[in-house]
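Structure, as structure tokens:
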Amino acid sequence: MSHQGRRSDIVINHQTIKQVVDWLFVPRVFAGMTVRAGATWKPRMLAIAAFLWATLDLTNLKDRFELARKIVNKVFRWQPAVGTTYQGFMKVLRKWHVELKLAITPYVQVQMKEVLPEQWQIAGYVVFAGDGSRVEVARTDSLEAAFSPKPSRKRSGKRRTGKKGRDVKRSGKCGPAKKKKQSEASMEKKANSPQMWLTLLWHVGTGLPWAWRTGPSDSSERGHLEEMLGELPENSLITADAGFVGYDFWQALLTAGHNFVIRVGSNVRLLNKLGYARQYDHTVYLWPERAAKKKQSPLALRLIVVHNGKHPVYLVTNLNKTQLSDSQAATIYGARWGIELFFRTFKQTFGCRKLRSRSADNATLELDWSLLGLWCICLLGQRELNASGQAPERLSPAAAIKAFQSMLRDYRVRPESVDESLWSKLRIALLDDYERRSSKTSRNYPRKKKRERIRPPKITHATREQIKAATELKQQEAKLRLSA
């Protein structure tokens, strides 16, 4: 991609910053937003300042604002100076946050498709991965009230006893129950630790975020994902892990016109030989009793079994083999792991493992603009790699972040050579291409969590009553279609 508007490859860094924000925050995006005469913060300047504030690597948020304000005033020195106080900046940002996000996000999404057309689709579908993660916040009254989980019912103090009156452990074995080392107060304090829940829709082809929702630590990631279905483009396919299951959720995906490849485990009960659709060896149905009583149609699905080298993985999709082959479905689900790497980049590399804001409203702003900032930096890096003839998917987010933050710190400096400019650094921001000679699994690191292996889904033959009910329902639907 040609870099129009660049007079020279060696310019002062604040001129490079202007090239960046002129591409990411074009004036027409903010054309419909008006403010009162004499306002110190205009919408576009506010968005640029928030973007810089979220991407700077200073520890203190107020120090970030001070530097972001200086950069904005330097880059747009012919315009009136922006507001001077951090409190005023946050107050105005809270007021305009929703409108700014609704204006900027669609524009960046369009740039993803235009700048990276070859990464837009996989196997003919626009593929998105969905998953959730928790982000730590400070333990303040405001954050605890907004993001702590709702109080659960207290456990009964009665112990389960065996035939001879002995205590029974949860494993089913008889014997004296072990006393908990932690007190009830300490366990309750830990359970009420405030955390923000982040549910992300991640574009698999580009490795970039697409949309997200936030909420308390006990939020429903499936509920968040349903809210974002209207933001997906046509011909979308969602891939997700075994947490995104259920008749209502899958029906919502199909109703919205989207496809899916989702892993299933023992928490899913499937039927075969129901006779509702054309029967193949891989045809299964999801038709819980609750849906059958409401005369809702069974979901005819295709079961795919692949092996990951350790154990079989069970996937279901609404697409047949002519629309999506088994190998393509396995590749798409395997690429889902990239969303976990993005979460690691966001939390560890970008420094958002724990937010610094002390109030709930400011924490939401910090998280949203940090995600937007990382999104824009990675998109900018992929644009440069694609323009230089290199594979955009080989971008190193860590190198791109380092190059961008270094330019912001030295915004008054002119690089000594072309190689020191942001554009040159982004063109070499590539992942290491070395081959690992030893397995990472051999490392004897202590694990915080010991995850249980996902067991196969429970598949049973449909009963006579279920077959009869499905046949009657199919006939009724056929009559409705003919009458329509």
Of the residues in the stretch 113-131, those that are of a type in the set (A, V, I, L, M) and either within 22 Å of PHE260 (Cα to Cα) or surrounded by fewer than 16 Cβ atoms within 10 Å (Cβ to Cβ) (or both) come to ILE122, ALA123, VAL126, VAL127, ALA129
Looking only at the stretch 98-130, count every residue that is touching a Ser or Thr at 6+ places or on another chain (Cβ under 8 Å) and either part of a helix (DSSP H, G or I) or on the phi > 0 side of the Ramachandran plot (or both) and tell me the total. 3
Selected residue [among the aromatic types (Phe, Trp, Tyr) and touching a Gly at 6+ places or on another chain (Cβ under 9 Å)] from TRP41, TRP78: TRP41
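Quick one: is VAL108 loosely packed, with under 15 Cβ neighbours inside 10 Å, within 29 Å of the chain's Cα centre (by Cα) and of a type in the set (A, V, I, L, M)? Before the answer, list the steps.
Details: loosely packed, with under 15 Cβ neighbours inside 10 Å: no; within 29 Å of the chain's Cα centre (by Cα): yes; of a type in the set (A, V, I, L, M): yes.
Judged against the criteria, VAL108 is not a match.
Would you confirm whether any residue within the stretch 61-81 is hydrophobic (A, V, I, L, M, F, W, C), surrounded by 14 or more Cβ atoms within 10 Å (Cβ to Cβ) and more than 19 Å from SER406 (Cα to Cα)? Break it down stepwise before answering.
So in the stretch 61-81, the residues hydrophobic (A, V, I, L, M, F, W, C) come out as 61, 65, 67-68, 71-72, 75-76, 78, 81.
This time we only want the ones that are surrounded by 14 or more Cβ atoms within 10 Å (Cβ to Cβ), so: 61, 65, 67-68, 71-72, 75-76.
After this cut, where a residue has to be more than 19 Å from SER406 (Cα to Cα) as well, the list is 76.
Within the stretch 61-81, one or more residues are hydrophobic (A, V, I, L, M, F, W, C), surrounded by 14 or more Cβ atoms within 10 Å (Cβ to Cβ) and more than 19 Å from SER406 (Cα to Cα).
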Are there any pairs with C-beta distances below 6 angstrom linking a residue in the stretch 305-321 that is over 20 Å from ALA277 (Cβ atoms) to a residue that is of a type in the set (Gly, Ala, Ser) and surrounded by 15 or more Cβ atoms within 10 Å (Cβ to Cβ), with the two at least 6 apart or on different chains, and if so which? VAL306/ALA330
In the stretch 337-370, how many residues are under 16 Å from GLN195 (Cβ atoms) and among the aliphatic types (A, V, I, L, M)? 4
Please go through the stretch 285-294 and pick out each residue that is free of Cβ contacts under 8 Å to residues at least 60 places away in the same chain and part of a helix (DSSP H, G or I). GLU289, ARG290, ALA291, LYS293
Would it be correct to say that THR199 is in a loop (DSSP other than H, G, I, E, B), modelled with pLDDT of 95 or more, in contact with a Phe, Trp or Tyr (Cβ under 9 Å, 6 or more places away or on another chain) and of a type outside the set (Asp, Glu)? no
Selection from the stretch 196-219 of residues touching an Asp or Glu at 6+ places or on another chain (Cβ under 6 Å) and more than 21 Å from MET112 (Cβ to Cβ) yields none
Test set (1) in a helix (DSSP H, G or I); (2) touching a helix residue (DSSP H, G or I) at 6+ places or on another chain (Cβ under 7 Å) - SER297 fails condition number: (1)
Give the residue, chosen from ALA391, ALA329, that is buried (at least 17 other Cβ atoms within 10 Å of the Cβ) and farther than 30 Å from HIS97 by Cβ. ALA329
Could you check ILE454 against (1) part of a loop (DSSP other than H, G, I, E, B); (2) modelled with pLDDT of 90 or more and say which number it fails? (2)
Name the pairs: first residue in the stretch 95-109 and closer than 13 Å to PHE25 by Cα and among the hydroxyl-bearing types (Ser, Thr, Tyr), second residue at pLDDT 95 or above and not in a helix (DSSP H, G or I), Cβ to Cβ under 8 Å, at least 6 apart or on different chains? THR105/ALA211; TYR107/VAL26
Picked from the stretch 394-431 (must be in a loop (DSSP other than H, G, I, E, B), surrounded by fewer than 19 Cβ atoms within 10 Å (Cβ to Cβ) and under 27 Å from the mean Cα position of the chain (by Cα)), the residue modelled with the highest pLDDT is ILE428
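The values are calculated or read from the model by the stated rules, or taken from the named source; none is laboratory data. Predicted, not measured: the structure shown is a model, and the values here were computed from it. Counting neighbours? That spans all protein chains shown, and the Cβs are built from the backbone with ideal geometry, glycine included.
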